Amino acid sequence: MADEINTGWVKPPTQITGLDHLGIQAPCIDIYGKLLPGITNVTDRARYYSFYPWLFWAFNKRGWNDKDTFIERFRQADCLFSLIAIRHQSLHSNDDVNHAGAVVGKDTLLPALVAAENKNTTLRLTDYSHQRDGDPTRYFRSELGGFSQYYYGALRDLHLFQGDSYSNASLTRQVGEKVAIAFDKGVLGERFLDELIENDVSIRTLDELSAFCPCNLSASECELGALTDLFSYGVEPFDKTINAEISAMDAKARSRTMAFQVLLAQHCQAHEVNFSLQQFRALAYTGIGYDQQPLKLTSGLTECAQGWQVYVRNELLSLSLQGIFHAVLRAKELTQAHFKSTGELSSWFWHEYVKDELFNTNSTQSLKDYISESYTLMPSFSDWVSEDHESMRIVKIEALTRKRLASKIEIITLLKHCLFSLAALVSRESNQKGYDGMSFAPGYLEERYPFNIESVQQLLAGKLAPKNVINALSQFTHQCCLENHTRVALRKLRQQGNNTFRFEISELGLVINGIPPASFTSPRFHQSIQIMTDLGLLTKHKNNAIPTSQAAAFIEEVS
């Protein structure tokens, strides 16, 4: 009998769209991770930070400790918690309170609840908490629902849990148990647990357990105090004997970012403007308000604000490079031109495709002169509401690349926004600070992400500056966009086994594999705003975040 031969090694890598094709967004992610630790892009509601610890604490009291029982009851509890919130939402659909936003399994459980309401029947929890693969009635795939999929890492970082993974997680006595007990004081805990045993839950029961709805955190005084302390000060209020220097540093960064956001929300409210992520970016980037005056920051918030300015500065670079990358690939796709290399593509794009329309008679000037000329046309740094300001141009870059550019005119428009934003990065005095105030691991920028604010500034203002603008931009695009993408995609192929190449060199020449739109990173803004709303520092009205009466005291206390 012939030996079995395993040929898995020749299987082609999986083709995926991928993210961060130029490796330029990573510094943004690193920065906002430092400025807002303990909150992630998937931890949307404050109450899960206390509900999940309570489940571990309450299950232990009930003796539900063997693995199978624990998982079954946990999944039932996750479902019941979501159903309570969804039901509460249906009873208060005309208010601005976020009852069921981002609760786990909502897409599956909402239609089930509507059907039960219409028929006046009960809901059997195990009909949705089961783990049958491929069954659309399963509320969530991950073994321990939202805990294992979304929240465990953040809860462990905040010292609520300990353990290498959710599968061996245990509640910490110093913090986790205290938060769990605080949660227990505001809800009908025993009734909730009895319903897991009963399994069949009526609509009336969901109403009677409405204290579990995420919106009712503000009505649970002990729990609200515990979570506010946790987000503001880390473990120190719970146990002063813990050696938690990192926790204290994280808490300081987190609470000051939250206070900074509340302060900006106050500023927007005063000028009758909705506080959105776009406003946050522009205000953080310039430090200038709608009144054209510097924002009035406490001494404690100044350093925090500077960190967020660095974050947006990297976004400025990121959107500019992504936009150029998109423009080049789209031009190739539109014209169906043939190229044997990325060098040929870049040279053709600048010397033939866009030269006349983009530069007119100025194609003989140096890159330095082009940047200087662009600088003279810029609105003042403080005039960030101007359509010509880089804060607005990077928004337009994203919007343009989200649509399918249909003509050279649209590509030229996109390029103008990109080049103007790069000129602002190089020439604005404020942007000369680069990554000032932010620290990275040794070799992080130089080795892993060599195209960053400082290296690109040095390239555009140094080596390439005296060259003819067309030649300089051709070399810049080839090096920073096309060849850089190849390097990034090769690294992902080596490390992850995924093919994220947006173009390939074949016997037919350079072939496009899909053109990614330029995108911003997501700096946990919506999550932090929702958590502060849950904590009572903000309230929502028509999708606008408005500071509450507690906001001023919070800012003063943590900054």
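The values are calculated or read from the model by the stated rules, or taken from the named source; none is laboratory data. A quick note: this is a predicted structure, and the numbers were derived from the prediction, not measured. With ideal geometry, Cβ positions are generated from the backbone for all residues, glycine too; neighbour counts draw on all protein chains shown.
Structure values in brief
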{"quantity": "Where a residue in segment 187-208 is within 14 Å of Ala85 (Cβ to Cβ) and its partner, wherever it lies, is in a loop (DSSP other than H, G, I, E, B), with Cβ under 7 Å and at least six apart", "calculated": "Phe192/Leu209; Val201/Thr122; Val201/Leu125"}
{"quantity": "Selection within segment 493-508 - under 28 Å from Leu419 (Cα atoms) and in contact (Cβ under 8 Å) with a residue 60 or more places away in the chain", "calculated": "Thr500, Arg502, Phe503, Ile505"}
{"quantity": "Residue check for Phe451: under 30 Å from His351 (Cβ atoms) and outside any helix (DSSP H, G or I)", "calculated": "yes"}
{"quantity": "Residue among Ile29, Ile71 that is in contact with an Asp or Glu (Cβ under 8 Å, 6 or more places away or on another chain) and surrounded by fewer than 22 Cβ atoms within 10 Å (Cβ to Cβ)", "calculated": "Ile71"}
{"quantity": "Qualifying residue in segment 68-76 (condition: aromatic (Phe, Trp, Tyr), modelled with pLDDT of 95 or more and not assigned by TED's automatic domain parsing to the domain that holds Ser170)", "calculated": "no"}
{"quantity": "Residue within segment 185-208 that is closer than 25 Å to Ser549 by Cβ and assigned to a helix (DSSP H, G or I) present", "calculated": "no"}
{"quantity": "Where a residue in segment 143-166 is over 24 Å from Glu236 (Cα atoms) and its partner, wherever it lies, is among the acidic types (Asp, Glu), with Cβ under 6 Å and at least six apart", "calculated": "Gly145/Asp78"}
{"quantity": "Some residue of segment 143-155 being surrounded by 13 or more Cβ atoms within 10 Å (Cβ to Cβ), outside any loop (DSSP other than H, G, I, E, B) and on the phi > 0 side of the Ramachandran plot", "calculated": "yes"}
{"quantity": "Members of segment 88-136 that are among the hydroxyl-bearing types (Ser, Thr, Tyr) and closer than 23 Å to Val42 by Cβ", "calculated": "Thr108, Tyr128, Ser129"}
{"quantity": "Flag if Ser202 is of a type in the set (Ser, Thr, Tyr) and either surrounded by fewer than 17 Cβ atoms within 10 Å (Cβ to Cβ) or at pLDDT below 95 (or both)", "calculated": "yes"}
{"quantity": "Meets criteria (within 32 Å of the chain's Cα centre (by Cα) and crowded, with 21+ Cβ neighbours inside 10 Å) for Trp350", "calculated": "no"}
{"quantity": "Selection from segment 317-343 of residues that are surrounded by fewer than 24 Cβ atoms within 10 Å (Cβ to Cβ) and within 25 Å of Ser455 (Cβ to Cβ)", "calculated": "Leu329, Ser341, Thr342, Gly343"}
{"quantity": "Residues within segment 280-297 that are in contact with a His (Cβ under 9 Å, 6 or more places away or on another chain) and either surrounded by 20 or more Cβ atoms within 10 Å (Cβ to Cβ) or within 15 Å of Asp383 (Cα to Cα) (or both), tallied", "calculated": "7"}
{"quantity": "Counted residues, segment 90-116 - those being touching a Lys or Arg at 6+ places or on another chain (Cβ under 9 Å) and either hydrophobic (A, V, I, L, M, F, W, C) or part of a loop (DSSP other than H, G, I, E, B) (or both)", "calculated": "10"}
{"quantity": "Every residue from segment 486-512 that is of a type in the set (S, T, N, Q) and within 26 Å of the chain's Cα centre (by Cα)", "calculated": "Thr486, Gln495, Gln496, Asn498, Asn499, Thr500"}
{"quantity": "Hey, Ser247 of a type in the set (Gly, Ala, Ser), modelled with pLDDT under 95 and either under 26 Å from Glu556 (Cα atoms) or under 26 Å from the mean Cα position of the chain (by Cα) (or both) or not", "calculated": "yes"}
{"quantity": "Residue in segment 58-65 that is under 27 Å from Val114 (Cβ atoms), of a type in the set (Phe, Trp, Tyr) and assigned to a helix (DSSP H, G or I) present", "calculated": "no"}
{"quantity": "Those residues of segment 117-138 which are part of a helix (DSSP H, G or I) and either surrounded by 14 or more Cβ atoms within 10 Å (Cβ to Cβ) or not charged (D, E, K, R) (or both), in sequence order", "calculated": "Glu117, Asn118, Thr126, Asp127, Tyr128, Ser129"}
{"quantity": "Filter result for Leu510 (buried (at least 19 other Cβ atoms within 10 Å of the Cβ), under 24 Å from Trp350 (Cβ atoms) and either in the same structural domain as Ala102 (by TED's automatic domain parsing) or touching a Phe, Trp or Tyr at 6+ places or on another chain (Cβ under 6 Å) (or both))", "calculated": "yes"}
{"quantity": "Check on Lys252, more than 23 Å from Thr40 (Cβ to Cβ) and of a type in the set (D, E, K, R)", "calculated": "no"}
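Let's see how each residue does on (1) outside the structural domain of Arg428 (by TED's automatic domain parsing); (2) in a loop (DSSP other than H, G, I, E, B); (3) of a type in the set (D, E, K, R); (4) touching a helix residue (DSSP H, G or I) at 6+ places or on another chain (Cβ under 9 Å):
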{"residue": "Gln458", "(1), (2), (3), (4)": "no, no, no, no"}
{"residue": "Ser474", "(1), (2), (3), (4)": "no, no, no, yes"}
{"residue": "Leu482", "(1), (2), (3), (4)": "no, no, no, yes"}
{"residue": "Thr486", "(1), (2), (3), (4)": "no, no, no, yes"}
{"residue": "Ala489", "(1), (2), (3), (4)": "no, no, no, no"}
{"residue": "Phe501", "(1), (2), (3), (4)": "no, yes, no, yes"}
{"residue": "Ile505", "(1), (2), (3), (4)": "no, no, no, yes"}
